[in-house]
Amino acid sequence: MRRGWLGLLLALLVAAVLVFGSVATSLAAIPDDPDFDPVTRRFGRTRSITVEVYDRGNPGGSPPEDNAFTDFIKEGMLRDHNVRVTFVPIPRWTEVEVINARLAAGDAPDVAVTYSYPTIQTYANMGGVIDLAPYLEKYKDVLPNLWELLGDTNIYWNRDPNTGRVWAIEALLFQNKRINTFVREDWLKKLGLPEPRTLEEFENMLRAFRDNAELLLGPEMAHEMIPFSISQDVGWRADHLLMSFVPESLTDKEMFIYGFDDRHFLFPGYKEGVRKLNQWYHEGLIWPDFALYPPGDQTEDNNMKKGVVGAFIHNWDYPYRNGEDSIHVGLQRLVGPEAAFIAVEPFPNDAGIYRKFLSAPIDRKVFFPITNREPLASLLYLDWISKLENRRHLQIGWEGINHQVLPDGAVQLLQATGRYIMNSPQNIDYTLTINGLDLGDPEITAKSIALNYPGVDARYIERAYRITDNEARYGKNFQVGEIKAEEGMQTVLTQKRDNLLARAIVAPPDQFDRVWDEGFADYLRSGGQAIINERLQKYEAIYGE
Amino acid sequence: MATVLTTGRARKAINYIRSYWTLYVMLALPIAFFVIFRYIPMSYILIAFKKYSLFQSIWEMPWADNYGFEYFIRAFQNRDFINAVRNTLMLNALDLLVGFPAPIIFALLLNELVYPRYKRFVQTVTYMPYFLSWIIIAGMAMQVFAPNTGVVNVFLRRMGYQPIPFLNDPTWWVVTYVLLGVWKHLGWNTIIYLAALTGINPELYEAAEIDGANRWQKIRYVTLPGIRPTIITLLILNLGQILSSDFDRPYALMNPLVYDVSNVIATYVYTYGIRGLQFSLTTAVGLFQSVVCVIFLFAANALAKKYGERGVW
C-alpha cells in the first residue's frame, strides 16, 4: 500500500518536473538546433521557407516568383545554408488584405513584409507574430551580414522598452529620398519664366500654363491642360507644398506625437496648405478628375506622358524611373526631345528654409508570422540577402545583361528582357533589408545612380537627387512601446484623411473652413485624438516633458 | 379504439417509408451539404460576441465586454456605421422605387410589340448588361461620365454647356448609381415578367375585346392583375434585401468626394473588418444586417398575406 502511494507521488513529481521544466526552457531560451552547424552556417537536413514578394503587376514584367533573380536567390540559399526558398507573390496594392487573409488561413509566408508597423502590432496582439528578440540574441554570431548592414539601430528599432520584445526588423533606407516637385522645363523656356523659387512664383507659373494652353498644347488639345496634377493621395502628391506651411518651430516631440500619419496630416499648418490647393482648384489649376481614379490607375501617368501636365509632386525620381516605360521617355517620344520634367524647389517655409520632412532611415518592416517553423532559416535568409555581394547582384544584376561597368567604375543599367527584367527599381522587392542602391563604394554608388535611368540625361537625375533631401529634417526614434489606440485604425484613418483632403479641395471656398473643421473633428473623434493622447502620455512617461 | 388508430397510423408510416426510402436517402446528400456548408459555418456568428483572434479557434476566444455585446455598442456609437446604415437604406429604397417598376413597365411595353423578331432583339440587347461585372461598368462609367474627359461632358462642353458632375457630386452620384443599376438589371428582370405574361389566358383578352376594352383598359384590367402574384412575390423578396448591400457596386463606383453617400454597410465592413482587422465589430454589423433583413422579409410576407396574396411561403 505504502509503496503504491510512493510510486504515485514519484510519478507526479516526474510529470511536474517534465512539464515545468519544458515551460521554463521555452521561456528562457530557444532550444539548440543540433542539425545546424554554426561554423559552416549550414543545416544538415534541407529546410524549406516561403518568402513574400510584392507582385506589382507590371506590364511586360517577369513573374515575381519565378525569374532569373529568384533562381539566383534559391540557388544561393541552397548552396550556402541548405535552405530551400519558395516565393509567394502578394499583390502590391492590396498587400494588407491579402496578408490578413493568409494569416487567418495559416498560410502566410514565413518571411513577411509590410510598410505598416501598426498592422504587425495588431497581428502580434492576436498572438500571430514571433518575438524575434530571443532568436536575435541567440544567433547574433551567425548573422554577421545582417548586423553589418542594419546594425543594432534598425534591428532593435521596434524593441518594446518594457518587455524587450521585437516583432519586426526595420529595413535600411539607404538613400533616404522621398519626394520632389517637378515642372515642365521646356514650358518654362517657352514662356520665358524663371525657375520658381517661391510659392508666389510657382502659382504665377501655374497660371501662365493655364492661360497659355493654346500656345503650349495647340488649339486642339488646349482644353486638356492640367497645370498641376494630383491624385487621391493628396498628402503625398502635395507634400512639399503642404510642408512649407508647417512652422519651423515644430519640436521633435510634436513630430512624434503628431507622427502617426505618414503624410504628416496632423502637423500644424496643414490646413492652410490645403486651403491653397482649394484656391488653385477653383482657379482651374488642378486636374479636376483627380479624386475619381483609384490608386494604381494609369490615367494620370498617361496625362504626363501625353504632355498635358505642367507640374506635379511625387516620388523623387518619379518621371525618370522604369526605363523605357518612364514618363520621361514617353514624353520625349510623344512631344519631342526638348520636353522634360525637371525637379525644382519652390516652397520655403516661414523661416525661408526649403524644409523636407523625411523619416528616419527605416523602410519596410520584416516579420515572421507565428506559423513560421523555421525562424533560424528565415533569419539566415535575411542575412544572405544582406550580404553586400548578394544584394549588390540583386540590385544591378548580371554584367552584360542588366548592366555594364564604365571605365570610371560606375555601373550603368541596361534594358534587360524576359527573365532578367527587374520588376521593381533595383529589385527592392527582393532586397528586403535595404532600399536604395549600395555598391559598397559611396562615390561609385552616387555616380551609378545618375546613370541608372536609361534614356534620361544624367543632369536631371543629379538635380532631383540633390534637391529631394536638401534642408531635410529627419524623424527620430522614440521607443515608447505599443500605442494601443493605433491598433486596427490605420486604414480607417487613412481613408478618412484622403476623403477629407479631396472634399476640402473641391469645397466652395466660402465653405472650406466648415468642411475642413467638420472633417478634421470627425478624424479626431474616430480615433485620431486617442492616438495623439496616448503618444503624448507615453512619450512624457519615458522622455519627460 | 385509440390503440387501433395509432397502430394503423404507424403501419401507414412504415409502409410509406418502405416504398419511398430511396428518395429520403437521396435527400441526405443535400441536407448534409446544407449542414456542413451553411449551418456549421454559422457558428462563427459567435465572433460578434467574442474578442477575435486570427490564431485561436472560435471556442478559445474570450467573450467580449458588456456581456458579449461590446461590439454592437461600439458599432452604434460609430458615426461611420450610422452613416452606412442610412446610405444602405437610402440607396436600396431608391433602387426599389426606380428599379422595381422599371422592368414591369418594360415588360408591358415589350408585350405590346407586334413583330416577334424585333421584340426578341430588344430583349437580348437589354439583358446583355446584366452579364457585365460592376468593375467593368465602373470603368465604362468613368469613360462616359468623368467631369473632364467623359464623353457626355466633352459633348456638353462642345455644345457650350457646363459639365455635369455625374460622379463627383454626391446628389448626382446617387442618380448615376441608381440609373446604372436600372440599366444593368432592367432586361434581366423583365424576363420573369414576360414569362408571367405568357401565362395569362388569351381568352381573357378576347372577352375584354368583345366587351369593347381598348388597349389601355386591357393592360389595366387583364394584364396587370394577371402578373400581380409575380409582382408581389418579387416585391417581398426585394424588401427582404432592404438592408443588405452589394459590395462591388458602391465600391467600384465610389470615390473620396462622394464617400458620405457611397459608404454602405458592405464597404464599411470591408474597411473596418477586412482591412482594419476588426473582425468582431464587423461580424456584429453583419449579424445586425441579417436580422433586420429577416424581419423585413417576414413583415412583407405577413402584409402580403393579410391583403389576400399568397406570399412567398
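The values are calculated or read from the model by the stated rules, or taken from the named source; none is laboratory data. Computed from a predicted model, the values in this text were never measured in an experiment. A quick note on method: Cβ atoms are made from the backbone with ideal geometry, for glycine too, and the neighbour counts reach across all protein chains shown.
Which ranges mark the helices (runs of 4 or more DSSP H) fully within segment A:397-516 that have 3 or more residues being more than 19 Å from A:F72 (Cα to Cα) and either basic (K, R) or in the same structural domain as A:N278 (by TED's automatic domain parsing) (or both)? Before you say what the answer is, go through the steps one by one.
Details: elements: A:442-451, A:458-467, A:490-506.
Here the list reads A:458-467, A:490-506.
Residues A:A464, A:A446, A:A450, A:A485: which one is within 14 Å of another protein chain (Cβ to nearest Cβ) and of a type in the set (A, V, I, L, M, F, W, C)? Let's see the steps before the verdict.
On the way: A:A464 fails: within 14 Å of another protein chain (Cβ to nearest Cβ); A:A446 fails: within 14 Å of another protein chain (Cβ to nearest Cβ); A:A450 fails: within 14 Å of another protein chain (Cβ to nearest Cβ).
Going through A:A464, A:A446, A:A450, A:A485 in turn, the sole match is A:A485.
Against the conditions (1) aliphatic (A, V, I, L, M); (2) assigned to a helix (DSSP H, G or I); (3) within 19 Å of the chain's Cα centre (by Cα), where does B:L243 fall short? Just the number, please.
Looking at each condition in turn, B:L243 falls short on (2).
Could you pull out the residue among A:L241, A:L173 that is within 21 Å of the chain's Cα centre (by Cα) and more than 28 Å from A:I120 (Cβ to Cβ)? Give the steps one after another, and end with the answer.
On the way: A:L173 fails: more than 28 Å from A:I120 (Cβ to Cβ).
Just a single option satisfies the conditions, and that option is A:L241.
For B:N83, indicate whether it is in contact (Cβ under 8 Å) with a residue 40 or more places away in the chain, within 14 Å of chain A (Cβ to nearest Cβ) and either assigned to a helix (DSSP H, G or I) or more than 25 Å from B:L277 (Cβ to Cβ) (or both). It would help to see each step written out before you state the result.
Working: in contact (Cβ under 8 Å) with a residue 40 or more places away in the chain: yes; within 14 Å of chain A (Cβ to nearest Cβ): yes; either assigned to a helix (DSSP H, G or I) or more than 25 Å from B:L277 (Cβ to Cβ) (or both): yes.
So B:N83 fits the description; yes.
Check segment A:259-269 and report whether any residue there is modelled with pLDDT of 95 or more, buried (at least 19 other Cβ atoms within 10 Å of the Cβ), under 19 Å from A:F520 (Cβ atoms) and out of contact with any helix residue (DSSP H, G or I) (no Cβ under 9 Å at 6 or more places or on another chain).
The answer is no, given that none of the residues of segment A:259-269 is modelled with pLDDT of 95 or more, buried (at least 19 other Cβ atoms within 10 Å of the Cβ), under 19 Å from A:F520 (Cβ atoms) and out of contact with any helix residue (DSSP H, G or I) (no Cβ under 9 Å at 6 or more places or on another chain).
So which of A:N145, A:N154, A:N100, A:N176 ends up being among the polar types (S, T, N, Q) and within 30 Å of A:G310 (Cα to Cα)?
Working: A:N145 fails: within 30 Å of A:G310 (Cα to Cα); A:N154 fails: within 30 Å of A:G310 (Cα to Cα); A:N100 fails: within 30 Å of A:G310 (Cα to Cα).
Being among the polar types (S, T, N, Q) and within 30 Å of A:G310 (Cα to Cα) holds for just one of A:N145, A:N154, A:N100, A:N176, which is A:N176.
Determine, yes or no, whether A:L380 is buried (at least 21 other Cβ atoms within 10 Å of the Cβ) and in contact (Cβ under 8 Å) with a residue 60 or more places away in the chain.
Numbers: buried (at least 21 other Cβ atoms within 10 Å of the Cβ): yes; in contact (Cβ under 8 Å) with a residue 60 or more places away in the chain: yes.
Here the answer is yes, as A:L380 does meet what is asked.
If I filter segment A:297-325 down to residues being under 16 Å from A:S229 (Cβ atoms) and assigned to a loop (DSSP other than H, G, I, E, B), which single residue comes out as modelled with the lowest pLDDT?
First, pick out the residues of segment A:297-325 that are under 16 Å from A:S229 (Cβ atoms): A:297-315, A:318-319.
Now narrow it down to the ones that are assigned to a loop (DSSP other than H, G, I, E, B): A:297-298, A:307-308, A:318-319.
Numbers: A:D297: 84, A:Q298: 88, A:G307: 95, A:V308: 96, A:Y318: 94, A:P319: 95.
Top of the filtered list is A:D297.
Between a residue in segment A:498-512 that is facing chain B (nearest Cβ under 10 Å) and any residue that is surrounded by fewer than 20 Cβ atoms within 10 Å (Cβ to Cβ) and assigned to a loop (DSSP other than H, G, I, E, B), which pairs come within a Cβ distance under 8 Å, given they are 6 or more apart or on different chains?
Pairs found: A:D498/A:D233.
Filter the helices (runs of 4 or more DSSP H) completely within segment B:93-169 down to those with at least 1 residues that are within 14 Å of chain A (Cβ to nearest Cβ) and farther than 30 Å from B:L235 by Cα. Steps first, please.
Details: elements: B:101-112, B:116-127, B:134-145, B:151-158.
By residue number, B:134-145, B:151-158.
Is at least one residue of segment B:66-77 closer than 25 Å to B:D248 by Cα and free of Cβ contacts under 8 Å to residues at least 60 places away in the same chain?
Yes; the residues of segment B:66-77 include at least one that is closer than 25 Å to B:D248 by Cα and free of Cβ contacts under 8 Å to residues at least 60 places away in the same chain.
Take segment A:277-307 and flag every residue that is more than 13 Å from chain B (Cβ to nearest Cβ) and under 24 Å from A:G218 (Cα atoms).
A:W280, A:H282, A:E283, A:L285, A:D301, A:M304, A:K305, A:G307 - these are the residues of segment A:277-307 that are more than 13 Å from chain B (Cβ to nearest Cβ) and under 24 Å from A:G218 (Cα atoms).
So, of the residues in segment A:69-99 that are of a type in the set (D, E) and in contact with a strand residue (DSSP E or B) (Cβ under 9 Å, 6 or more places away or on another chain), which turns out to be farthest from A:V39 (Cα to Cα)? Walk me through it before giving the result.
Within segment A:69-99, the subset of a type in the set (D, E) is A:71, A:75, A:80, A:95, A:97.
Those still in the list that are in contact with a strand residue (DSSP E or B) (Cβ under 9 Å, 6 or more places away or on another chain) too: A:80, A:95, A:97.
Values: A:D80: 12, A:E95: 37, A:E97: 41 Å.
Top of the filtered list is A:E97.
Across segment B:268-284, what is the number of residues that are among the polar types (S, T, N, Q) and at the interface with chain A (Cβ under 10 Å from one of its Cβ atoms)?
Residues of segment B:268-284 that are among the polar types (S, T, N, Q), as a first pass: B:271, B:278, B:280, B:282-283.
Now narrow it down to the ones that are at the interface with chain A (Cβ under 10 Å from one of its Cβ atoms): B:271, B:278.
Counting residues in segment B:268-284 that are among the polar types (S, T, N, Q) and at the interface with chain A (Cβ under 10 Å from one of its Cβ atoms) gives 2.
Hey, any hits in segment A:387-408 for a residue that's closer than 23 Å to A:D66 by Cβ, of a type in the set (K, R) and buried (at least 20 other Cβ atoms within 10 Å of the Cβ)?
yes
Only one residue in B:N189, B:N238 is modelled with pLDDT under 90, assigned to a helix (DSSP H, G or I) and assigned by TED's automatic domain parsing to the domain that holds B:F100, so which one is that? Spell out how you get there, then give the answer.
Details: B:N189 fails: modelled with pLDDT under 90.
None of the others qualify; the one that does is B:N238.
Give the residues of segment B:31-56 that are away from every other protein chain (no Cβ under 12 Å) and part of a loop (DSSP other than H, G, I, E, B), sorted by residue number. Walk me through it before giving the result.
Kept after step one, since they are away from every other protein chain (no Cβ under 12 Å), are these residues of segment B:31-56: B:31-43, B:45-46, B:48-50.
Once the filter is applied, which keeps residues that are away from every other protein chain (no Cβ under 12 Å) and part of a loop (DSSP other than H, G, I, E, B), segment B:31-56 yields only B:I40.
Pairs under 9 Å by beta carbon, first residue under 18 Å from B:A252 (Cβ atoms) in segment B:142-157, partner small (G, A, S) and crowded, with 17+ Cβ neighbours inside 10 Å, six or more apart or different chains?
From residues that are under 18 Å from B:A252 (Cβ atoms), the pairs are B:M142/B:G150; B:Q143/B:G150; B:V144/B:G150; B:G150/B:A141.
Quick one: is A:A101 outside any helix (DSSP H, G or I) and either of a type in the set (G, A, S) or surrounded by fewer than 18 Cβ atoms within 10 Å (Cβ to Cβ) (or both)? Spell out how you get there, then give the answer.
Numbers: outside any helix (DSSP H, G or I): no; either of a type in the set (G, A, S) or surrounded by fewer than 18 Cβ atoms within 10 Å (Cβ to Cβ) (or both): yes.
Here the answer is no, as A:A101 does not meet what is asked.
Name the residue, out of A:P161, A:P194, that is farther than 30 Å from A:V234 by Cβ and out of contact with any helix residue (DSSP H, G or I) (no Cβ under 6 Å at 6 or more places or on another chain).
Among A:P161, A:P194, only A:P161 is farther than 30 Å from A:V234 by Cβ and out of contact with any helix residue (DSSP H, G or I) (no Cβ under 6 Å at 6 or more places or on another chain).
For segment A:116-156, which residues satisfy the criterion of being farther than 16 Å from A:Q479 by Cβ and within 14 Å of another protein chain (Cβ to nearest Cβ)?
A:S116, A:T119, A:T122, A:Y123, A:N125, A:M126, A:G127, A:G128, A:V129, A:I130
Could you check, for segment B:291-301, whether at least one of its residues is within 14 Å of chain A (Cβ to nearest Cβ) and surrounded by 20 or more Cβ atoms within 10 Å (Cβ to Cβ)? Steps first, please.
Of the residues in segment B:291-301, the ones within 14 Å of chain A (Cβ to nearest Cβ) are none.
No, segment B:291-301 contains no residue that is within 14 Å of chain A (Cβ to nearest Cβ) and surrounded by 20 or more Cβ atoms within 10 Å (Cβ to Cβ).
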